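The values are calculated or read from the model by the stated rules, or taken from the named source; none is laboratory data. Quick caveat: nothing in here was measured; it's all calculated off a predicted structure. Counting neighbours? That spans all protein chains shown, and the Cβs are built from the backbone with ideal geometry, glycine included. For accessibility, only protein heavy atoms count, side chains too; no ligands or nucleic acids. Shrake-Rupley method; radii C 1.70, N 1.55, O 1.52, S 1.80 Å.
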Amino acid sequence: MTKVSFTRNREGQFTGFTAKDHSGYAEAGEDIVCAAVSALVIHTVNSIERFTDEKVRVEQDSDHALIRLQIDGTPGSEAELLLKSLAATLADMSQNQSYRDFIRVSISEV
């Protein structure tokens, strides 16, 4: 199961996420859930790095299917919107009857 954990600060602003593990929906190369999550996550990371002034830390580990993004300091409105959008889309996927056994989304305050 793919697990995506979002973090929010005390003001409720999204400050980052960790996505890890393969979904197990299908074999490698056939797994539409893993492909969708990967595309959404990479799009979000790239967009934050390219189109905002945020200072971010990004960690990737292909062997363990892990990607982590953490914004240093208080997030700007563009970065937070991108993170909210990712969280909403992945939450929708996790509630879909076809995919809910393959993706879990959580949000915690840091």
inquiry  = How much of the DSSP bridge set in the chain is antiparallel, in percent, rounded to the nearest 5?
reply    = 70
query = Considering only DSSP states other than H, G, I, E and B, which GluC sites (Glu not before Pro) in the range 1-102 qualify as loop sites with at most 16 other Cβ atoms within 10 Å?
reply = E11, E27, E30
key: Solvent-accessible area, 1.4 Å probe, carbon plus sulfur percent, for the range 14-110   = 46
key: Per-residue HN-Hα couplings for the range 97-110 [Karplus 6.51, -1.76, 1.60; θ = phi - 60°; Hz; x = Gly/Pro]   = 4, 6, 10, 4, 7, 10, 8, 10, 10, 9, 10, 9, 8, 10
task = Go through 90-98, 64-72, 1-9 and give me the packing order, highest mean Cβ count within 10 Å leading.
result = 1-9, 64-72, 90-98
message = Taking θ = phi - 60°, what integer Hz values does the Karplus form 6.51 cos²θ - 1.76 cosθ + 1.60 yield along the range 68-84, in sequence order, with x for Gly and Pro?
response = 10, 10, 9, 7, 7, x, 7, x, x, 5, 5, 5, 5, 4, 4, 5, 4
task = Can you tell me the 0 to 90 degree angle between the C-alpha axis of helix 32-51 and the longest principal axis of the chain, rounded to 10?
result = 20
